[in-house]
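Student: My questions will all concern the structure given below.
The values are calculated or read from the model by the stated rules, or taken from the named source; none is laboratory data. The structure displayed is predicted, hence computed values, not measured ones. Positions of Cβ are backbone-derived with ideal geometry, glycine not excepted, and every protein chain shown enters the neighbour counts. Note: areas computed on protein heavy atoms with side chains; ligands, DNA, RNA excluded. Shrake-Rupley method; radii C 1.70, N 1.55, O 1.52, S 1.80 Å.
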Amino acid sequence: LRWGYGARRTRRTFPRQGRFLEVHITIGELGEFGLIARISAGLPPGGHVILGIGDDAAVLRAPDRRVVATTDLLVEGKHFRRDWSGPRDVGHKAGARGLADVAAMGAVASGLLVAFAAPPELPVSWADEFTAGLAAECARGGAAIVGGDVAAADKIMIAVTALGDLQGRAPVRRSGAGQGDVVAVTGALGHSAAGLALLDHGLTGPAELLTAHRRPRPSYDAGPEAARCGATAMIDVSDGLLADLGHVAEASDVLIELTSALLPGSRPLSVAAELIITAAAGGPRPSEVARAARAVQAVAGTSAADWMLTGGEDHAFAAAFPPDVTLPARWSVIGHVRAPGTGTSAGVLVDGKRYKRRGGWEHFR
Ligand SMILES: [Mg+2]
């Protein structure tokens, strides 16, 4: 129905004899320029913005005279499912991926650009909600949305480019961890992976884990904080703690030794593991063999420790610090750095051993 098309709303209700007629507008009906105008209307300005949306490109202040830049791609079905995550969740998640990478360099975010492709039949309300989520996450991170592009595609694809400012500090790289450093983390570990596992098994709680999966909440100020404390290396935990610390270990050519007893405890993770193992074992009249097989399979990938060590997308921060640094309370020391011995390659050990499970997410595998 095209009635009400000119209104700046996607869904209008028209009372008629006590009933309501709903009008849904798709992004195909709105068109490219209509969608861009709609997305850009009402976006808050930011402190770094000299020229925002409306010209061929934006102009941002770079007080440090260096610009931190990073880009991320989210593909429907790969990074999110529309039946598991709402548009506002996806907006938050898309923003968090870019903004956490900026923070992991020790920088503060300044601006964000977003490219959005979607099927023409997508309701405009989805794009509206997505934009609201993205803008809210940018506000959390201190960045402004300063530009973007839209296109038609078979499924939703979102590319987010985040820019940041180092405020006069050296960037905290992956390659700076040195022998004797302590390794510390801040932020929840494994909560997103546990939430995903719960959704996969059709479970609806613990709610905080589902929320953690749908809408990660990185503490962006922890990045610059770590840099001010003298962090020698840092990374945001996007692929899993072992995988990401593995990148640090390789770039720094060191051995990172983690102590599992030092991992921050999480009651919801233990609850989720119990629920999933029970659900996997108790399908509709499973044979004893099927029941046992499914239970074993679930147990193998379902424990609080597995999720904390290999679960991605929490966007916690992991960093190495010189041993004499007094860390703010939100940082938990979980291990230390030593030089690889002769015949040992760089990598991550948990309680002195290579961890038995595959370490984190890797595309194209
Ligand atoms: Mg990262």
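Student: Taking a probe of 1.4 angstrom, what is the accessible area of residue 78 in Å², to the nearest 10?
Tutor: Per-residue accessible area (residue 78): approximately 120 Å².
Student: While we're here: Once both axes come from the Cα atoms, what is the angle between helix 241-252 and the longest principal axis of the chain, in degrees from 0 to 90, rounded to 10?
Tutor: Taking the Cα atoms of the chain, the angle to 241-252 is about 70 degrees.
Student: What aspartates and glutamates sit close enough to residue 78 to cross-link, taking a C-alpha to C-alpha distance under 13 Å and skipping anything fewer than 8 places away on the same chain?
Tutor: Correct list for residue 78: 313, 362.
Student: I've got another one for you. In the chain, with Lys and Arg counted as +1 and Asp and Glu as -1 at Cβ, which of these residues, 247, 191, 170, has the Cα nearest the positive end of the dipole, that is, farthest along it?
Tutor: Going by the charge dipole, the pick is 191.
Student: Mean-square fluctuation check for the chain, GNM, Cα pairs under 10 Å: which of 320, 329, 212 is largest?
Tutor: It is 329.
Student: Moving on. Would you mind putting 114-125, 337-348, 140-151 in packing order, based on average other-beta-carbon counts within 10 Å, highest first?
Tutor: By packing density, highest mean first, the sequence is 140-151, 114-125, 337-348.
Student: How tilted is helix 191-200 with respect to the longest principal axis of the chain? Cα atoms for both, answer in degrees (0 to 90, nearest 10).
Tutor: The angle comes out near 60 degrees.
Student: Measure nothing fancy, just the Cα-based angle from helix 288-300's long axis to the longest principal axis of the chain, in degrees from 0 to 90, nearest 10.
Tutor: The helix 288-300 is inclined about 80 degrees to the chain.
Student: In straight Cα distance, which aspartates and glutamates are under 13 Å from residue 356, not counting same-chain residues fewer than 8 positions off?
Tutor: Straight-distance partners of residue 356: 306.
Student: Can you work out ³J(HN,Hα) from phi for every residue in the range 114-128, in order, using Karplus 6.51 cos²θ - 1.76 cosθ + 1.60 and θ = phi - 60°, giving whole Hz and x for Gly and Pro?
Tutor: Per residue, the Karplus-derived 3J(HN,Hα) values read 9, 10, 10, 10, 7, x, x, 7, 5, x, 4, 4, 5, 5, 4 Hz.
Student: Arrange the peptides 236-244, 185-193, 131-139 so that the one whose residues have, on average, the most other Cβ atoms within 10 Å appears first.
Tutor: Highest mean packing first, the order is 185-193, 236-244, 131-139.
Student: Something else about it: Under unit Cβ charges (Lys, Arg +1; Asp, Glu -1), what dipole magnitude, rounded to 20 debye, does the chain have relative to its Cα centre?
Tutor: Working: 38 positive and 37 negative charges, 163 e Å.
Here the chain has a charge dipole of around 780 debye.
Student: Please calculate how many Å² of accessible area the chain carries per residue, with a 1.4 Å probe and no DNA, RNA or ligand atoms counted.
Tutor: Counting only protein heavy atoms, the per-residue value for the chain is 48 Å².
Student: With +1 assigned to the C-beta of every Lys and Arg and -1 to the C-beta of every Asp and Glu, and no other charges, what is the dipole magnitude of the range 124-269 about the Cα centre in debye, to the nearest 20? Mind dumping the intermediate values first?
Tutor: Numbers: 10 positive and 17 negative charges, 57 e Å.
With Lys and Arg at +1 and Asp and Glu at -1, about 280 debye.
Student: With +1 on each Lys and Arg Cβ and -1 on each Asp and Glu Cβ, and nothing else charged, work out how big the dipole of the range 57-167 is about its Cα centre, in Debye to the nearest 20.
Tutor: On the way: 11 positive and 13 negative charges, 60 e Å.
With only Lys, Arg, Asp and Glu charged at Cβ, the dipole is about 280 debye.
Student: List the aspartates and glutamates whose alpha-carbon lies under 18 Å from that of residue 155, not counting same-chain residues fewer than 8 positions away?
Tutor: Counting by Cα, and skipping residues close in sequence, residue 155 has these aspartates and glutamates nearby: 29, 32, 72, 76, 83, 89, 121, 128, 129.
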